[in-house]
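Below you'll find the structure, written out as C-alpha cells, and then a few comments.
A short reminder: the numbers here are calculations on the coordinates, not readings from a lab. Here the structure is a predicted model, which is why all the values come from computation and not from measurement. For neighbour counting, all protein chains shown are included, and Cβ atoms are generated from backbone atoms with ideal geometry for every residue, glycine included.
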Amino acid sequence: MCTTGCSRVIAICLYILAGVSIVCNIILFFPDFSPEFSKNDQITEEVKYMGGFIGGGILALIPAIHIHLTSSKGCCNNRCGMFLSIGFAAAGVAGAVYSLSAAGLGLAKGPYCEYVDPKTPTATGEWIRPFENSTGSYLEDKKLWGGCMKPEGVVEFNLTLFSILLFSAGVQLVLCLIQMVNGLFGCLCGTCAGDKGAVESREEGWRVQVMGPLRYRCPPLNIQPASPPLVSTSSQICRPHTHLMFLKTHKTASSTLINMIYRFGDQNELRFALPMGYLLGYPFEFNVHRIKGYRGPGGGKYDVMANHLRFNKAEINKVMHGDTFYFSILRNPLKLAESSFAYFRDICPAFRKAKSLGDFANNPSKFYNPHARNNHYARNLLWFDFGMDANVNFSEELAHRGEALIRKTFKLILLTEYFDQSMVLLRHALCWPLDAVVSFTLNAAIYKSPKDKGVDLSLTEAQREKLREWNALDWHLYQTFNRSFWEDVRRFGQERMDQEVALLRTRRDNLAHICLRNGGKRVEAQNIRDKGLRPYQCGSIRILGYELQPDLDNATAQICMKLIRPEMQYKELLDAKQFPKALSSTVESTTATDENEPVRIAALLRGSGGRASTSSGATGCGRASTSSGATGGGRASTSSGATGAAGRLPAVEPLVAAGRLPAVEPLVVEVPLVVPGPGL
Ligand SMILES: Nc1ncnc2c1ncn2[C@@H]1O[C@H](COP(=O)(O)OS(=O)(=O)O)[C@@H](OP(=O)(O)O)[C@H]1O
C-alpha cells in the first residue's frame, strides 16, 4: 500500500474511533441513563475532564480530516500535504494520550455512587468513590460492586464505557504514530498521485501550494523537485510538444530558431498564428487582431506562435492552448548591442546619430530620446521584447520582479552563446527528434568588412562597462538566466550534454556536406544564385545566406532547402499553405500592413539582389508586409527545381534510407505525430 492508501485507512479508522469516544464520553454524563446524577454533581472528575470528547474526539477528528485530504484528489495529496500531516498526527497523539489518561484514571478509581458496605448491609448509604484507593483491584472482586446502590449498575456502566474509551484512545495513539511515519515517507518520496493535485510555483526557494483560498508554505526540502523534469532521459517515453510559444527576441539567433519551428510545424501540420506581414504588431504590445485570419474567441486555438511580437501574456492566452510551452532566447547584451547597432542603425535614431558603437556607449543619453520611434532597439531590447518598460531606471527589486514574471511563464530560456547546448535542452524539453533541432546559422551579418564603412563596433573596456550599465535590466536577465541555464545543464548531465552536442554538430556537418555549396560557406545575398534563398537585407549591413549544392536530385534539394530557407520566404510558404485560397492577390487584399512595417520584401522576393530599397518610404528593418511580388504566395523558386510548393516536403529520412546520412536514435515517442520522424 502506498502512502496515500495508508493515509486513507488511518483517516477512516480515526473518524470511527473519534465518534465512538465522543459518544462514550457523553453517555458517561448520564449514569443509569438519567440526567439526575449530573445535575446533582454525582459523577466522577474523570468524566468531567472530557478526555473522550476533547482528546479522543476533537483532537482526533482534526488530524483525521487532514489525513483524509492527503489521501484524496485535491489540495493535500502531495508532499507538502504529507509534511503537514505529520504535525496533525502529532496533535492526534496528544489527544489520544489525554483520552487514554482520563479513561485509565476513571477505570482505576471507579465510579461515584451511593455506597453501602456489603459487610454492614443495614447501614445507610453515602455518596462516595468507594474504590478510589483500590488501585483497580476492585475490578477483580465483583462482590464489592454490589455496594454501589445508586445509580443502578454504575460500576458496569463505568467499566464498559471507560474500557471502550481506553481501547479507542490506544488505537488512536498507534494510528497517529503510524501516520507520522507515513507522512514522512509521503513527504520525502511523494504521494501516489505524484503531486499532481497541487498547483505549485517557486518563490524564493519556497514552494507555495495553493489550496483553494488557503495557502500553505512548506519549508524548502532538500529533495528533487516534484514537477516533471525539464529534460527527458533517453529511456523516458515522452510525447512531442506541439503547442509552442517562442518569444522571438531580437538579434539573438531567433531566425535560426524560427526556421526549426517552421520546419517542425510544417512537417506536422501545426496551425501557426501567422502575422499579416512579418511582425505580430511589433513594437506595439501584441494584440490578437494582429494574427492573420483571426476570427474572434470562437475561432479556435493556435498550435504555434513564433514571429516577432512584444510579449503580452493576457492577449496570447486568448489564442494559445492551456498547455502551451513558452520559451525564448537571450544573448549577452554587449553582443546584442553590436548586432542591433549594425542591423538597426538606419532606422533607430539613437544609433544613427552616433558615429560608432563606442561613441554611443560613451554617452548613450546624449543620443537617446525615449519617445522617438524605433529607439527601443537601443536600450534593454530584451526587456522590451518581454513586454516590460525598458526606460525605467534599474533597481534590484524591479529586475527581480521582471525576472519572476518571465520565470512564471517561460519554461525554458536559451542562450545564443551556447546555441548547441540550448538545442539539446530544447529538444529534450519538447521531446523532439534530433534532426528537428539541427540548423545552420541564419541571419548572420558581416561587419567590419572594408565595405562596411561607418559601422564601427569596436569597444574599449570602459565603453563595454557603460553599455552594461545602460542595458542593466537586460544584463540582469542575461546573468540570472545564464545561471539557471547551467543548472539545467548540470541536471541534464555534463557528460551527456557533451555527447549530445557532439552528435548535433556531426549531424550538422553531415547535412552541410550533403546540402550546401562549399561545405556550407556563407554567401552574400547578391551572390546567391537562387533568388528565393536570398536573406532579407537591412540597412547597410550585409546578411549572409547559403547556396545549395549544385546537381542535387529534386527530393534532396527539397530537404536541404528547408534548412536554409530564410525566415520571410518560409513564412510566406506557411501562409500559402494555411490560407490556400489566399494566394497572391487575396493575401494582399486582406493583409493590413503594420503601421511600423516597411514594404520591402517585394524587392527581395522578386530577387533584386537582396538589398531592399528604402525609397518606398519604408522606415526600417521591421520585416515588411507581403506584396504581390511574393512569387506564388511566397513560394521561393529555386534553380535546382525544388519549388518548395505549399504542402509537406519530405523529412530527412530519405537521406538516411539512401545511406547518405547516418541514422540517429530518436527519443522514444509515446504518441507519434501526424508524420513520425525528423521534422526537417
Ligand atoms: N546558431 C547560432 N549561434 C549563434 N549565433 C547565431 C546563430 N544563428 C544566428 N546567430 C546570430 O544571431 C543574430 C541574428 O539574430 P536574429 O535572427 O534573432 O535577428 S532578428 O532580430 O531576427 O533580425 C546574428 O548575429 P550577428 O551576426 O552578430 O548580427 C547571427 O549571426
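log10 I(q)/I(0), Debye, Cα-only the stretch 85-182, no solvent, q = 0.17, 0.21 Å⁻¹? Log10 of I(q)/I(0), two decimals: -0.73, -0.94. Placing a label point 7 Å from the Cα of Phe167 along the Cα-to-Cβ direction, the residues of the stretch 127-149 with a backbone N closer than 19 Å are 139-140. Rounded to the nearest whole Hz, the Karplus-based 3J(HN,Hα) values (6.51 cos²θ - 1.76 cosθ + 1.60, θ = phi - 60°) of the stretch 97-104 follow the sequence 5, 4, 5, 4, 5, 4, 5, x, with x at glycine and proline. In this structure, the amide hydrogen of Lys292, modeled 1.01 Å from its nitrogen in the peptide plane, lies closer than 5 angstrom to those of Leu274, Met276, counting only residues at least 5 positions away or on a different chain. Of the residues His376, His371, the one with the fewest other Cβ atoms within 10 Å heads the list, and the complete ranking is His371, His376. Pairwise Cα distances in the stretch 424-531 exceed 17 Å in 73 percent of cases. State which entries of Lys248/Lys571; Lys248/Lys366; Lys411/Lys466; Lys318/Lys562; Lys301/Lys531 exceed 24 angstrom in Cα-Cα distance in the structure shown. Those over the limit are Lys248/Lys366; Lys411/Lys466; Lys318/Lys562; Lys301/Lys531. Taking amide hydrogens as placed 1.01 Å from N in the peptide plane, the amide H of Leu244 sits under 5 Å from those of Val304, Met305, Phe325, each at least 5 positions away in sequence or on another chain. P(r) tail for the stretch 372-496: Cα pairs beyond 24 Å make up 45% of the total.
For Val288, Val392, Val304, Val501, the sequence from fewest to most other C-beta atoms within 10 Å is Val392, Val501, Val288, Val304. Here the 3J(HN,Hα) profile of the stretch 382-387, calculated from phi with Karplus coefficients 6.51, -1.76 and 1.60 at θ = phi - 60°, is 5, 4, 5, 4, 6, x Hz, Gly and Pro shown as x.
Let a ≥ b ≥ c be the square roots of the eigenvalues of the Cα gyration tensor of the stretch 310-462; is it rounded (a/c under 1.5), or, if not, prolate (a/b larger than b/c) or oblate? Oblate, since a/c reaches 1.5 and b/c is not below a/b. Distance between the 7 Å Cα→Cβ label points at Leu188 and Ala90: 1.7 nm. Put simply, the Cα atoms of the stretch 390-437 extend 43, 22, 14 Å along their principal axes, the longest span coming first.
Using the number of other C-beta atoms within 10 angstrom as an exposure proxy, rank Ser85, Ser540 with the fewest first.
By the 10 Å Cβ count, ascending, the order reads Ser540, Ser85.
Computed from the Cα positions only, the extents of the stretch 1-112 along the three principal axes stand at 52, 21, 21 Å, in decreasing order.
As a rough guide to protection, the peptides 10-19, 456-465 ranked by mean Cβ packing within 10 Å, highest first, stand as 10-19, 456-465. Scoring 308-319, 425-436 by mean Cβ neighbours within 10 Å over their residues and listing the highest first yields 425-436, 308-319. For Glu126 and Tyr294, the difference between the fully extended length at 0.36 nm per residue and the C-alpha to C-alpha distance is 51.1 nm. Under 5 Å from the amide H of Arg239 lie the amide H atoms of Glu670, each residue being 5 or more positions distant or on a separate chain, with H modelled from the backbone and absent for Pro and chain starts. In order along the stretch 151-156, the Karplus-derived 3J(HN,Hα) couplings, from 6.51 cos²θ - 1.76 cosθ + 1.60 at θ = phi - 60°, round to x, 5, x, 5, 5, 4 Hz, and Gly and Pro are given as x.
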